[in-house]
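Contents: one structure, followed by commentary.
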Amino acid sequence: MRRTSNTARHVMGVKDAVRLLPWPVTALVIALAMPTETSVYVGSLRLSPYRVLLIFTLFPTLMRLFSYRVGTPHIVDYLMLAHSAWVLLSFVVNEGVGQGLESGGIYIVESLGAYLVGRCYIRTRRDFEAFCRIVFFMVVTMLFFTIPEALTGYHFIREAFQAVLGGGGVPYIEPRLGLTRAFGSFDHPILYGTFCATTLAATYYVVCAARVGAKQLLTMSAVGLATFLSLSSGAFVAMGIQALLVGWDRLTRGISNRWTILGIIFATGWVFLSLLSNRSPIKVFISYMTFSAHSAYNRILIWEYGTKEVGRHPIFGIGFADWQRPDWMHSSSMDNFWLLTAVRYGLPALIFLMTAIFLTMQRIGRMRNVDDTFNRYRSAWIIGIAGIAIAGVTVHFWNSLFGLFMFLLGTGAWMLDAPAKERRNPIPMRAAYGVYR
């Protein structure tokens, strides 16, 4: 360790981050980035690395939560429990007891299990910074594979694992802008792109410490490039929303009630769209957040017929049953995470989840007497969640991206539990990890 003056800026390295983070967090981040080919089957149940890990951590994290080892359980924890329990009940109602317990059980593992890992093991600002740096490092590392993937059309990570472990092959997806859409280690380019896009706010506020210089721009451009290689409109939405919110934060610094002003601007725009357009604002948003007119039209049809399905089955949804639509709409996929949640599991499941997210964002955002570091970290979390949540209108989160989303929700809970001292006075970094210039 090299000694520095008290005025030196302390920077956490990747090795420091790995050493600081509790092993379940590091293990889960790595497991979420593992390709599907690493899964094994037990009967009809697919066990991916992250599912196996979450099965083993579910009950220990529940015990940590309700033994008050990670603060007092709060309303958000109970909302997440209610969401998972309602999904389980919905599956039992729609699929029968046997299939319902299997499908609902694995949903609880992926949703509540991932949430609890973030909730129970990200407990301080040091933990949060270490997590953000590791995820950014993973995005940069994967670029070494996805850049040549986009240029050559060879899916290096997926096909390498298939060669060793077997698998059904990477599905063909139409190129865009003369480039192959990169999968990375994920099941679809949209999942890879959204994963990368979710790191933009954390990269700016945590890794770059909200500074804008040549080095910081290069750092953030890595996230932009990784997201671009997916050539996915949903991923671009997630990144674009974060960029707009970061820009608003910088431009309005020092203005009172600036976020309330932004909310009023948004609400006013929504009203004008409702009055001036022959389509609902949500349809306008969906139509412009796609690469092609065909995709926009298809997503609008999904919204129209999906909302009708919710109206027919508002309480328990339809489970895995096919949703009603015209015969010429051959694909049963529904590129809208929020709509699909309501269609499959009913409105109560959607309300529990959305309320948990809203309350967490509201409570963290309304905290007062915080120092600059805490303010940056809460901005990273709130803007990151906002980006992925809004992108969910045009993207369905499945497999590892769904687990990542639930995990990210849990990583903000430490701010709700942080005592006043933790919010105002950073723990001396020199005592926590190596000191570097």
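The values are calculated or read from the model by the stated rules, or taken from the named source; none is laboratory data. Just so we're clear, the structure is a prediction, and the values are computed from it rather than from any experiment. So basically every Cβ, Gly included, is an ideal-geometry build from the backbone, and we count neighbours across all protein chains shown. These accessible areas exclude ligands, DNA and RNA; they are computed on the full protein's heavy atoms, side chains included. Shrake-Rupley method; radii C 1.70, N 1.55, O 1.52, S 1.80 Å.
Within region 140-147, is even one residue open to solvent by 10 Å² or more (accessible area, probe 1.4 Å), within 30 Å of Tyr68 (Cα to Cα) and of a type in the set (Ser, Thr, Tyr)? The answer is no; no qualifying residue exists.
Take the conditions (1) at positive phi; (2) not in a loop (DSSP other than H, G, I, E, B); Arg158 misses just one of them, which is (1).
Conditions tested, residue by residue: (1) open to solvent by less than 60 Å² (accessible area, probe 1.4 Å); (2) closer than 19 Å to Ser84 by Cα; (3) assigned to a loop (DSSP other than H, G, I, E, B).
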{"residue": "Leu301", "(1), (2), (3)": "yes, no, no"}
{"residue": "Lys308", "(1), (2), (3)": "no, no, no"}
{"residue": "Ile315", "(1), (2), (3)": "no, yes, yes"}
{"residue": "Ile318", "(1), (2), (3)": "yes, yes, yes"}
{"residue": "Pro326", "(1), (2), (3)": "yes, no, yes"}
{"residue": "Ser332", "(1), (2), (3)": "no, no, yes"}
{"residue": "Arg344", "(1), (2), (3)": "no, yes, no"}
{"residue": "Ile351", "(1), (2), (3)": "no, yes, no"}
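Residue pairs whose Cβ atoms lie under 6 Å apart, sitting 6 or more positions apart in sequence or on different chains, and linking a residue in region 229-252 that is closer than 29 Å to Leu179 by Cα to a partner that is charged (D, E, K, R) and open to solvent by 30 Å² or more (accessible area, probe 1.4 Å), are Leu231/Arg176.
For region 241-258, enumerate the residues that are in contact with a helix residue (DSSP H, G or I) (Cβ under 8 Å, 6 or more places away or on another chain) and either open to solvent by less than 20 Å² (accessible area, probe 1.4 Å) or under 27 Å from Arg133 (Cβ atoms) (or both).
Within region 241-258, the first condition is being in contact with a helix residue (DSSP H, G or I) (Cβ under 8 Å, 6 or more places away or on another chain), and the residues that meet it are 241-243, 245-246, 248-249, 252, 255, 258.
Matches in region 241-258: Ile241, Gln242, Ala243, Leu245, Val246, Trp248, Asp249, Thr252.
On the stretch given as region 326-364, residues that are closer than 27 Å to Asn298 by Cβ and of a type in the set (Phe, Trp, Tyr) total 4. Could you grab me the full set of residues in region 168-193 that are of a type outside the set (Phe, Trp, Tyr), touching a Phe, Trp or Tyr at 6+ places or on another chain (Cβ under 7 Å), under 16 Å from Ser233 (Cα atoms) and open to solvent by less than 20 Å² (accessible area, probe 1.4 Å)? Those that are of a type outside the set (Phe, Trp, Tyr), touching a Phe, Trp or Tyr at 6+ places or on another chain (Cβ under 7 Å), under 16 Å from Ser233 (Cα atoms) and open to solvent by less than 20 Å² (accessible area, probe 1.4 Å): Ala182, Pro189. Of all the numbered requirements in (1) in contact with an Asp or Glu (Cβ under 9 Å, 6 or more places away or on another chain); (2) open to solvent by 10 Å² or more (accessible area, probe 1.4 Å); (3) of a type outside the set (Phe, Trp, Tyr); (4) not in a loop (DSSP other than H, G, I, E, B), Met406 misses one, and that requirement is (2).
Residues in region 353-374 that are of a type outside the set (Val, Ile, Thr) and either open to solvent by less than 10 Å² (accessible area, probe 1.4 Å) or part of a helix (DSSP H, G or I) (or both): Leu353, Met354, Ala356, Phe358, Leu359, Met361, Gln362, Arg363, Gly365, Asp372, Phe374. Within region 208-229, how many residues are farther than 20 Å from Thr194 by Cα and assigned to a loop (DSSP other than H, G, I, E, B)? Adding up the residues that qualify gives 6. When Gly118 is tested against (1) within 19 Å of the chain's Cα centre (by Cα); (2) under 30 Å from Met220 (Cα atoms); (3) without any contact (Cβ under 8 Å) to a residue 40 or more places away in the chain, exactly one condition is not met: (3).
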